[in-house]
Amino acid sequence: MSDLSIFFAQNAEAGVMEDFIVSDRFQENGVPVAWKLRSMTEEENEECRKAATRRVKAKGGAMVPETNPEEYLARLAAASIVFPDLKNAELQRSYGVLGAEVLLRKMLLPGEYASLVQKVQELNGFDRDMSELVDEVKN
């Protein structure tokens, strides 16, 4: 049996930070500039999910929570980006938008956005589907 201290906060690996070329369109001296992405905690993930959840009326008039998956992924992506600073007012102004999630959608082409969202999901541990996890447990 392992020592419980391996689970102590000071012994856990810090979050993951990774450079990722989101688009060849953002260049410095002819070289694409990498964006800095980070992993987040489950607490931060829950904040993103809650912000993307609204109460809607269901059958029978009961109010139930409903999460908008597109809004959730946009919030997850924006929260995982360290650089560029999507909250920078000057950057938002240059695109004529307010808000990090709106800016992200305005800055990127659809394929770039999809690639970024996929990378953010991988970075935060959402990269394996259920069948892969089942196979891993079987072995």
Out of all the residues in the range 97-104, is one or more surrounded by fewer than 14 Cβ atoms within 10 Å (Cβ to Cβ) and not in a strand (DSSP E or B)?
yes
Strands (runs of 3 or more DSSP E) completely within the range 27-85 that count 2 or more residues being over 17 Å from Lys119 (Cβ atoms):
53-57, 63-67
Count, please, the residues in the range 20-64 that happen to be touching a Lys or Arg at 6+ places or on another chain (Cβ under 6 Å) and at pLDDT 90 or above.
4
So, first residue free of Cβ contacts under 8 Å to residues at least 24 places away in the same chain and surrounded by 13 or more Cβ atoms within 10 Å (Cβ to Cβ) in the range 12-35, second residue hydrophobic (A, V, I, L, M, F, W, C) and not in a loop (DSSP other than H, G, I, E, B), Cβ within less than 7 Å, six or more apart or across chains; the pairs are Ala34/Phe20
Inspect all residues belonging to the range 122-139 and state whether any of them is surrounded by fewer than 16 Cβ atoms within 10 Å (Cβ to Cβ), at pLDDT 90 or above and in contact with a helix residue (DSSP H, G or I) (Cβ under 8 Å, 6 or more places away or on another chain).
no
Among residues belonging to the range 84-122 that are β-branched (Val, Ile, Thr) and closer than 14 Å to Lys36 by Cα, point out the one that is nearest to the chain's Cα centre (by Cα).
Val120
Within the range 21-35, the count of residues that are farther than 17 Å from Arg105 by Cα and within 17 Å of the chain's Cα centre (by Cα) comes to 1
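The values are calculated or read from the model by the stated rules, or taken from the named source; none is laboratory data. Everything numeric in this text was worked out from a predicted model, so none of it was measured. With ideal geometry, Cβ positions are generated from the backbone for all residues, glycine too; neighbour counts draw on all protein chains shown.
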